[in-house]
Amino acid sequence: MNLTQIIAPSVLNANFLELGKNLQAIEQGGAELIHLDIMDGHFVPNISFGPTIAQNIKKGTSLPLDCHLMISNPENYVEAFAKAGAHYICIHAETTNHLDRLLHRIEELGCIPAVSINPATPIESIRHSLDIVQMVLIMSVNPGFGGQKLIPYTLDKIKNLRDQKPELNIQIDGGIKLDNIQEAQNAGANIFVVGSAIFESPDPQATCQKFVEKIKNPSSID
């Protein structure tokens, strides 16, 4: 099955003083999804931003928002992110006792439900959710900070998941660079979260274009 190959820049690494300019750059660079890392300082050791910032980002872009809730008690916040304009709402399996219920609630709110697992969390933990969600996010670093190196064994998890559900959108988040994105794609990922590699480059638009070209035409860039 030919799944759409998508670059989803994470604005966690963007310059918020020039956020509008950054959003325009990645749109022109061919990104198809904007990834929002929502962190609470509890489930992960960092704090980012909440639904109000998400709503403002929505006003500044025509791209859909992929809200990745790295937070405890996500059931208390999914409605707020749905109202803020989320397209995907992705929750961590590790953060709720009622995963099935919450995924269905996200769907009821008019958003696409997705589930994420940390590097050390086995795929088996979400086996019963695979028929509910339209996307699974495999964390390839321990969540909480940008700029980390990809953990190699997470690619094996992607391979196993792809074998189980050939039609599923599989997103990878963490440590994706131009020199390893092909490896992630070969493992079976089709949606790639890229943060520091784009926004910390001198030209985010041109760098985003390179990532897009790399996944659309893998032989084009060394």
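The values are calculated or read from the model by the stated rules, or taken from the named source; none is laboratory data. Keep in mind the model is a prediction, meaning the values are calculated, not measured. Cβ sites come from the backbone with ideal geometry, for glycine too, and all protein chains shown count toward neighbours.
A quick yes/no check of all residues on (1) under 16 Å from the mean Cα position of the chain (by Cα); (2) more than 24 Å from LEU102 (Cα to Cα):
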{"site": "ASN22", "(1), (2)": "no, yes"}
{"site": "ILE53", "(1), (2)": "no, no"}
{"site": "LEU65", "(1), (2)": "yes, no"}
{"site": "ASN76", "(1), (2)": "no, no"}
- Query: What is the residue count in the range 155-187 for residues that are of a type outside the set (Asp, Glu) and under 15 Å from the mean Cα position of the chain (by Cα)?
  - Reply: 13
- Picking from ILE151, ILE91, which residue would you name as being of a type in the set (Val, Ile, Thr) and either under 13 Å from the mean Cα position of the chain (by Cα) or closer than 19 Å to GLU167 by Cα (or both)? ILE91
- Note on the structure: Taking the range 166-222 and the residues there that are buried (at least 18 other Cβ atoms within 10 Å of the Cβ) and basic (Lys, Arg), the one that is nearest to ILE151 (Cα to Cα) would be LYS214
- Only one of LEU12, LEU23, LEU19 is touching a residue at least 60 places away in the same chain (Cβ under 8 Å), among the hydrophobic types (A, V, I, L, M, F, W, C), surrounded by 15 or more Cβ atoms within 10 Å (Cβ to Cβ) and not in a strand (DSSP E or B), namely LEU12
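Just to be sure before I move on: is PRO152 surrounded by fewer than 16 Cβ atoms within 10 Å (Cβ to Cβ), within 24 Å of THR207 (Cβ to Cβ) and modelled with pLDDT of 95 or more in the structure I sent?
When the stated conditions are applied, PRO152 passes them.
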- Task: Please indicate, with yes or no, whether at least one residue in the range 162-180 is of a type in the set (S, T, N, Q), in a helix (DSSP H, G or I), without any contact (Cβ under 8 Å) to a residue 12 or more places away in the chain and farther than 30 Å from ASN76 by Cα.
- Result: no
- Among the residues of the range 118-149, count how many are under 26 Å from ALA14 (Cα atoms), surrounded by fewer than 21 Cβ atoms within 10 Å (Cβ to Cβ) and of a type in the set (A, V, I, L, M, F, W, C). 3
